[in-house]
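Please treat every number below as a calculation from the coordinates, not as lab data. Because the structure is predicted, anything quoted here is derived from the model rather than measured. Neighbour counts are summed over all protein chains in view; Cβ atoms, including those assigned to glycine, are modelled from backbone coordinates with ideal geometry.
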Amino acid sequence: MTKKILVLHGINLNMFGKRDASVYGTATLEDINQALGRLGGELGLDVQTFQTNHEGEMVTRIHAALEDGTRAVVINAGAWTHYSYGIRDALAILRCPILEVHMSNIHAREAFRQHSVFSDVVAGQISGMGVESYLSGLRAAAKLLAAA
C-alpha cells in the first residue's frame, strides 16, 4: 500500500524560477514537483502537490487532507508561515505528521520571517537548502511514517 503524502506550496511559490535567484535558486515549481515525484517513487510514496495564492483555498485543501487518505504533509506556506493563524489552525486539525520546509534560511532573513506560527503544530522545520529542503522534508515524512 502506498502512502499518500501531500506537498503544499503557498503564496507566490508558483513564481519559483522567476523570483530572486540569490535567495530561491533557479528551480521552477514544476522542477520541484518533478523531483518530489521521483523521490516519492523511490520511497514508495504517492506524492500529491497543491499550490495556491489564496489562503482560503489552502485551508480548504488542508481540511480535505483529513478525509482523503493523506498520511503526512510537507508544507512551504511562503509568507503565510509568518502570520496565517487560519492555516496554522487548519494544520492543527490534522492527525498526521507535518513537516515545514523553506527554500531560504528564514532564520537569516528579515526579522518578520524568522518566526513561524506553525512551529507548535509541525513535527519539524527544514530551511535554507533550496530544493533539498523539500526533498529532506519528504524523506523525514517517510521516516516518521515508517516509525509509526
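At a glance:
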{"item": "Estimated vicinal HN-Hα couplings, Hz - region 78-93 in sequence order (Karplus 6.51, -1.76, 1.60; Gly, Pro = x)", "result": "x, 4, 4, 3, 8, 8, 8, 6, x, 5, 4, 5, 5, 4, 5, 6"}
{"item": "Distant-in-sequence amide H partners of ALA77 (H built 1.01 Å from N, under 5 Å)", "result": "GLY10, VAL101"}
{"item": "Förster radius 35 Å - calculated FRET efficiency between LEU145 and SER22 (Cβ-Cβ, nearest 0.05)", "result": "0.50"}
{"item": "Under 16 Å from LYS3, Cα to Cα: aspartates and glutamates that are on another chain or at least 8 residues apart", "result": "GLU42, ASP46, GLU67, ASP68"}
{"item": "Amide proton proximity set for LYS4, modelled H, under 5 Å, gap of 5+", "result": "ASP46, ARG71"}
{"item": "Simple label model, 7 Å out from Cα along Cβ direction - TYR83 to GLU42, nm", "result": "3.8"}
{"item": "Neighbour-count order for HIS9, HIS82, HIS63, fewest beta carbons within 10 angstrom listed first", "result": "HIS63, HIS82, HIS9"}
{"item": "Share of Cα-Cα pairs in region 1-85 lying beyond 22 Å, as whole percent", "result": "29"}
{"item": "Residue-wise HN-Hα coupling along region 100-105, computed from phi with Karplus coefficients 6.51, -1.76, 1.60 (Hz; x: Gly, Pro)", "result": "9, 10, 9, 5, 9, 7"}
{"item": "Mean separation of Cα contacts under 8 Å (6+ apart) over length of the chain, as relative contact order %", "result": "27"}
{"item": "Rounded to the nearest 20 debye, dipole of the chain from Cβ charges on Lys, Arg, Asp, Glu", "result": "240"}
{"item": "Per-residue HN-Hα couplings for region 114-126 [Karplus 6.51, -1.76, 1.60; θ = phi - 60°; Hz; x = Gly/Pro]", "result": "7, 10, 10, 6, 8, 4, 8, 10, 9, 6, x, 10, 10"}
{"item": "Rg to Rh quotient for the chain, alpha carbon positions, Kirkwood Rh", "result": "0.93"}
{"item": "GLU30 versus GLU57: modelled label distance in nm, points set 7 Å from Cα along the beta carbon direction", "result": "1.8"}
